[in-house]
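Each remark here refers to the structure printed beneath this line.
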Amino acid sequence: QVRLVESGGGLVQAGGSLRLACAASGTMFGINVMGWYRQAPGKQRELVATSVSGGSTNYADSVKGRFTISRDNAKNTVYLQMNSLKPEDTAVYYCNAAYGFVGRLENVWGQGTQVTVSS
């Protein structure tokens, strides 16, 4: 039903900025949480930021104050603005959607986009 496609990854210098986008197709009924995760080589996938359909957001401590998650007016695209990038931010970034109703939850992942931060 729902499909997610990430874009915007690339190579940037430390201290630079990058903006990721996650385009969602289909309809997410009920409440939904859009999130960005990342996975670096040799590490487990970790949560970066989430945006709840009701408006609340939260961030991992490692990116708080540097990254901002947002949605467009149509609620069909989610962005991750990344500022003051560090080499340790290098990872494949994945968009995730969790949506539905209590007891009937769906979970969808995008294909991922590579972010590389040089020192």
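For the reader, a short list of remarks on this structure follows.
- Among (1) loosely packed, with under 15 Cβ neighbours inside 10 Å; (2) free of Cβ contacts under 8 Å to residues at least 60 places away in the same chain; (3) in contact with a Gly (Cβ under 6 Å, 6 or more places away or on another chain), the one test that THR50 misses: (1)
Here's the yes/no breakdown for (1) among the β-branched types (Val, Ile, Thr); (2) within 17 Å of ASN96 (Cβ to Cβ); (3) at pLDDT 95 or above:
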{"residue": "SER7", "(1), (2), (3)": "no, yes, yes"}
{"residue": "ALA23", "(1), (2), (3)": "no, yes, no"}
{"residue": "MET28", "(1), (2), (3)": "no, yes, no"}
{"residue": "VAL33", "(1), (2), (3)": "yes, yes, no"}
{"residue": "GLN39", "(1), (2), (3)": "no, yes, yes"}
{"residue": "GLN44", "(1), (2), (3)": "no, yes, yes"}
{"residue": "SER51", "(1), (2), (3)": "no, yes, no"}
{"residue": "SER56", "(1), (2), (3)": "no, yes, no"}
{"residue": "ASP61", "(1), (2), (3)": "no, no, yes"}
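- Residue that is surrounded by the most Cβ atoms within 10 Å (Cβ to Cβ), among those in segment 64-91 that are under 17 Å from ALA23 (Cα atoms) and β-branched (Val, Ile, Thr): VAL78
- Being among the polar types (S, T, N, Q) and not in a strand (DSSP E or B) holds for only one residue in SER70, SER51, SER84, and it is SER84.
- Counting the residues of segment 31-78 that are more than 21 Å from VAL5 (Cα to Cα) and touching an Asp or Glu at 6+ places or on another chain (Cβ under 9 Å) gives 4.
- Pairs, first open to solvent by less than 30 Å² (accessible area, probe 1.4 Å) in segment 1-18, second at pLDDT 95 or above and among the aromatic types (Phe, Trp, Tyr), C-beta under 9 Å, six or more apart: LEU4/TYR94; LEU4/TRP109; GLU6/TRP36; GLU6/TYR93; GLU6/TYR94
- Odd one out for TYR99, checked against (1) over 14 Å from the mean Cα position of the chain (by Cα); (2) in a strand (DSSP E or B); (3) surrounded by fewer than 18 Cβ atoms within 10 Å (Cβ to Cβ): (3)
The values are calculated or read from the model by the stated rules, or taken from the named source; none is laboratory data. All values derive from a computational prediction rather than experimental measurement. With ideal geometry, Cβ positions are generated from the backbone for all residues, glycine too; neighbour counts draw on all protein chains shown. Note: areas computed on protein heavy atoms with side chains; ligands, DNA, RNA excluded. Shrake-Rupley method; radii C 1.70, N 1.55, O 1.52, S 1.80 Å.
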